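Taking it in order: structure first as structure tokens, then the write-up.
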Amino acid sequence: MLILLPPSEGKTAPRRGKPLDLAALTSPELTDARRAVIDALVDLCSGDVATAARVLEVGATQHDLVALNAGLVDAPTARADAVYSGVVYDALDAPTLSTAARRRASTRLAVTSSLFGVVRPGDRIPAYRLSGGTTLPGLGPVATHWRTHLDPAMSDLLGGGLLVDLRSAAYAAFWRPAPDLAPRVATVRVLHEVGGKRKVVSHFNKATKGRITRALLEDGANPGTPARLAEALRDLGWMVEVGEPTAKGTQLDVVVEEL
């Protein structure tokens, strides 16, 4: 099983640590593709700050993020699961996972990244600011770049297991599983139900996905199909509805009434 998470917009910048070593990251075949994004981002952020801020869609009070990107090659690194922060990662709470769950996370968890394509929890990365919808001068749309390069690496990470796709739409565009993988693809949507009405609420969606990830890692369940995943989640206490299989996979709706 491979649980595929989105990154977080907010990141915790490491205070100390070795600088980035691209060759040491998971999927080293992506090194050249990663370097292309890094070079384009550093070039942008080493120039006019206002221009870089506009491209990155950061406000006037966030110009420190431009400087962060400009220096990322020499910046200290830490484990990816310590750098990524925000609602998903707060709910996952990786530092408090049991030893067995952390071991499972190292092989069953991956994070889609605008800068690196995909990383594992233990990959050492610097903090950076680059959203999935950004178009970088000299590179083009980040999503298009990764759509060109990610398939072999993702297929290798997935192997013969089930893909539990927890990505948001922006990061789902980086890599779409081929139709032949559809029987092994489960996309998870979280619906908040109040008074009999359901809707997607960002905070509930992210927090529940983090909790689902944590629960699966702690439990050790390793389902091989979307139906088996639904059974595992029900056993763990969630209300789950299973959609019809499609050429893109099977959607699982997790319905929550309170956070």
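Only the coordinates and a few stated rules stand behind these numbers; no lab work does. Keep in mind that what you see is a predicted model, and the values were worked out from it rather than measured. FYI the Cβ positions are ideal-geometry reconstructions off the backbone, even for glycines, and counts take in every protein chain you see.
Separation of the stretch 140-158 and the stretch 56-107, taken as the distance between their Cα centroids, equals 21 angstrom. Amide H to amide H, with H built 1.01 Å from N, residue 191 comes under 5 Å of 254, 255, 256, counting only residues 5 or more places away or on other chains. In a reduced charge model with +1 at each Lys and Arg Cβ and -1 at each Asp and Glu Cβ, the stretch 2-256 shows a dipole moment near 440 debye about its Cα centre.
The Kirkwood hydrodynamic radius of the chain, based on inverse pair distances between different Cα atoms, is 18.9 Å. Highest mean first, the peptides 191-198, 4-11 sorted by other C-beta atoms within 10 Å per residue fall in the order 4-11, 191-198.
Our helix-only sum for the chain, with -39,500 (n - 2.57) per DSSP H run of n ≥ 4 divided by its residues, gives a mean residue ellipticity at 222 nm of -11000 deg cm²/dmol. If one puts a single equal scatterer on every Cα of the stretch 168-259 and applies the Debye formula without solvent, what log₁₀ I(q)/I(0) results at q = 0.11 Å⁻¹? With one equal scatterer per Cα and no solvent, log10 I(q)/I(0) is -0.32. A crude spin-label estimate for the pair residue 241 and residue 99, with each label 7 Å from Cα along the Cβ direction, gives 4.3 nm.
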